[in-house]
Amino acid sequence: MASNLQMSPQVEQIHGEIRDNFRALANGFQKLDKIKDANRQTNQLEELTDKMRESKRLIKEFDRKIKDEEGRNPPEVNKQLNDEKQSMIKELNSYVALRKTYMNTIGNKKLELFDNGAGASEPTADENVRMASEMSNQELINSGTKAMDETDQAIERSKQVVHQTIEVGTQTAATLKGQTEQMGRIVNELDSIQFSIKKASQLVKEIGRQVATDKCIMLFLFLIVCGVIAIIVVKIVNPNNKDIRDIPGLAPPVPTRRLLYARTTDHFN
């Protein structure tokens, strides 16, 4: 029947894990018949107890998944999945009852029915045997179910802590991402500033070369002006100096005018 069930991939995976656990439980109880040492039997039962606890958790997960998908499946498929769930619960209860039988066989060995968490008082081996002998199969199943419920609650609390840790990690990752992007922008701005500084340095060097060229030109013009002024001064001070040619546009020498003035005076006398 299970091979003909229509399941989603997640439900099919959980269903496969449950069936794997049931096969492991069947093989484990078969090995118990071949084990003669009581301590080894006790260890084997503890391993089988862990398998039963895991199977119960998976059955609950299977139930949650099929309820989530109930609206998307046809009614006959939902009925088949619920029937399969009830079948797996009955099979798990049969293993719990079989475990109780082996506990009575082992007798005085200390073995808790299910681990119901740290901090709880642990009964002695004699108390376990007496409680298991006095309890019916249904009571034993109910006791085991209660213990597994408490374990499931502890697991749920652990899941909440894990989820909170994941949320904190996600927020931290988002913050780090924002800071990384900000650092990237800062690096880009620094690159732009460095490029601008480089261009400014080149511009300053070009301006410096232009200024130096302008200074040379101004110095050359200044020397020319100084030379012309010097020639004019020398020509005025020593007009008879033949080594210096007359400057075009310059007035005639002053002594010639003095001579004309002297002759005119003599004429009147």
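The values are calculated or read from the model by the stated rules, or taken from the named source; none is laboratory data. Model, not experiment: these values are computed from the prediction. Neighbour counts run over all protein chains shown; Cβ positions are idealised from the backbone, glycine included. Ligands, DNA and RNA are excluded from the accessible area calculation, which covers all protein heavy atoms including side chains. Shrake-Rupley method; radii C 1.70, N 1.55, O 1.52, S 1.80 Å.
Could you check the stretch 66-103 and list, in sequence order, the residues that are open to solvent by 50 Å² or more (accessible area, probe 1.4 Å) and basic (Lys, Arg)?
Lys67, Arg72, Lys79, Lys90
State whether the residues of the stretch 196-208 include one that is open to solvent by 90 Å² or more (accessible area, probe 1.4 Å), at pLDDT 85 or above, in a helix (DSSP H, G or I) and of a type in the set (Val, Ile, Thr).
The answer is yes, given that some residue of the stretch 196-208 is open to solvent by 90 Å² or more (accessible area, probe 1.4 Å), at pLDDT 85 or above, in a helix (DSSP H, G or I) and of a type in the set (Val, Ile, Thr).
Every residue, every condition in (1) closer than 30 Å to Leu58 by Cβ; (2) over 11 Å from the mean Cα position of the chain (by Cα); (3) surrounded by fewer than 10 Cβ atoms within 10 Å (Cβ to Cβ), yes or no:
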site	(1), (2), (3)
Ser158	yes, yes, no
Gln164	yes, yes, no
Glu167	yes, yes, no
Gln171	no, no, no
Leu176	no, no, no
Glu181	no, yes, no
Ile186	no, yes, no
Leu190	no, yes, no
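Looking at Arg57, is it closer than 17 Å to Thr145 by Cα, at pLDDT 85 or above and surrounded by fewer than 19 Cβ atoms within 10 Å (Cβ to Cβ)? I'd like the intermediate steps shown before the answer.
Working: closer than 17 Å to Thr145 by Cα: yes; at pLDDT 85 or above: yes; surrounded by fewer than 19 Cβ atoms within 10 Å (Cβ to Cβ): yes.
When the stated conditions are applied, Arg57 passes them.
So the check is Cβ under 9 Å with 6+ separation or different chains; which pairs have a first residue in the stretch 39-53 that's at pLDDT below 85 and a second one that's surrounded by fewer than 17 Cβ atoms within 10 Å (Cβ to Cβ) and among the hydrophobic types (A, V, I, L, M, F, W, C)?
These pairs meet every condition: Gln41/Ile35.
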